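To start, the structure under review is shown below, and the notes come after it.
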Amino acid sequence: MPEPMLETADLRAGYGHITVLWDLSLRFRAGALTAIVGPNGAGKTTLLRALTGLVPHRGTIRLDGQALSGKAWDLAERGLVMVPEGRMVFRDMSVEENLHLGAYPRRCRADLGRNLERVYGLFPRLKERRHQAAGSLSGGEAQMVALGRGLMADPRVLLIDEPSLGLAPVIVQEVFGVIRRLKEAGTTILLVEQNTRMALSVADDVHLLRGGRVRLSEAAAGLDLDRLHDLYFAREQ
Ligand code: ATP
């Protein structure tokens, strides 16, 4: 089996005295799309935040076999890039200015023009609207800006939090079409998604979290959906 690109061992994280993630040992394979699913409050977003250094953790996180420092800046330099839930676009800035903000890691500044063209290739609508204020975009377009901003950092591992949130079904299909293309282009992706059906439609591997613990880790192909359903909705012991 090839070495996983990203892995955690006994990862524990939370907020102040509240522990949210309990000793997670997870492997994310290089070039694969791993879906992290689970009910509200399971700790999915907290996992992405721990991986990107936004909440403190205990245990280890390794990228290509090397422990990560946990400092957000170092992580971006090493290629770990998050597209946050809620999009967080800067409303008064133009689409293109928002995209430029994504190119902050030093290693990708020289490729800014090439990365911008790649983003516009994936999202032609953003090119048409590049001078428009991001605050005037639709929800789907704002999600595209958020994804595009992540791509401007030339990610080796892209962490995407709830991309379907609040979007109409037809727009969800469009956003997932782009995620599928990114995966096919070889980007390693961690996808947190409430919409399990959509997540499974693009995933290679699946981790189910509930109550801050891993309840299932399997390949998406051939996954027993009844078992997933039962584990998803099981009551806490
Ligand atoms: P959802 O799908 O609802 O976003 P989730 O699986 O992503 O859920 P998290 O957002 O990681 O779950 O939240 C896990 C737990 O941590 C919840 O009980 C939540 O209330 C708590 N939590 C999240 N953010 C904070 C914070 N900043 N301070 C304190 N507790 C927090």
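The values are calculated or read from the model by the stated rules, or taken from the named source; none is laboratory data. The shown structure was predicted, so the numbers you read here are calculated from the model rather than taken from an experiment. Because the Cβ atoms are built from the backbone with ideal geometry, glycine has one as well, and the counts that use them run over all protein chains shown.
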request  = Mind listing whichever residues of region 29-41 are out of contact with any helix residue (DSSP H, G or I) (no Cβ under 9 Å at 6 or more places or on another chain) and on the phi < 0 side of the Ramachandran plot?
outcome  = 29, 30, 34, 40
query = Any chance region 166-179 includes a residue that's over 13 Å from the mean Cα position of the chain (by Cα) and closer than 23 Å to residue 5 by Cα?
reply = yes
ask   = Of everything in region 70-126 that's charged (D, E, K, R) and modelled with pLDDT of 90 or more, which residue is nearest to residue 13 (Cα to Cα)?
value = 91
key: Qualifying residue in region 122-131 (condition: charged (D, E, K, R), surrounded by 16 or more Cβ atoms within 10 Å (Cβ to Cβ), within 16 Å of the ligand (Cβ to nearest atom) and not in a helix (DSSP H, G or I))   = no
task = Would you mind stating whether residue 60 is hydroxyl-bearing (Ser, Thr, Tyr), in contact (Cβ under 8 Å) with a residue 40 or more places away in the chain and within 12 Å of the ligand (Cβ to nearest atom)?
result = no
query = Between a first residue in region 106-130 that is over 23 Å from residue 78 (Cβ atoms) and a second residue that is among the aromatic types (Phe, Trp, Tyr) and part of a helix (DSSP H, G or I), which pairs have beta carbons less than 7 Å apart while being 6 or more apart in sequence or on different chains?
reply = 126/120; 127/120
request  = For region 15-31, enumerate the residues that are within 13 Å of the ligand (Cβ to nearest atom) and in contact with a Ser or Thr (Cβ under 7 Å, 6 or more places away or on another chain).
outcome  = 20, 21, 24
task = May I ask you to verify whether residue 184 is free of Cβ contacts under 8 Å to residues at least 12 places away in the same chain, under 22 Å from residue 27 (Cβ atoms), more than 16 Å from the ligand (Cβ to nearest atom) and surrounded by fewer than 17 Cβ atoms within 10 Å (Cβ to Cβ)?
result = yes
ask   = Looking at region 32-55, which of its residues are of a type outside the set (A, V, I, L, M), in contact with a strand residue (DSSP E or B) (Cβ under 6 Å, 6 or more places away or on another chain) and more than 9 Å from the ligand (Cβ to nearest atom)?
value = 34, 52
request  = Evaluate the following for residue 133: is it at pLDDT 95 or above and more than 18 Å from the chain's Cα centre (by Cα)?
outcome  = yes
remark   = How many residues of region 1-14 are touching a residue at least 12 places away in the same chain (Cβ under 8 Å), more than 8 Å from the ligand (Cβ to nearest atom) and surrounded by fewer than 22 Cβ atoms within 10 Å (Cβ to Cβ)? The answer is 9
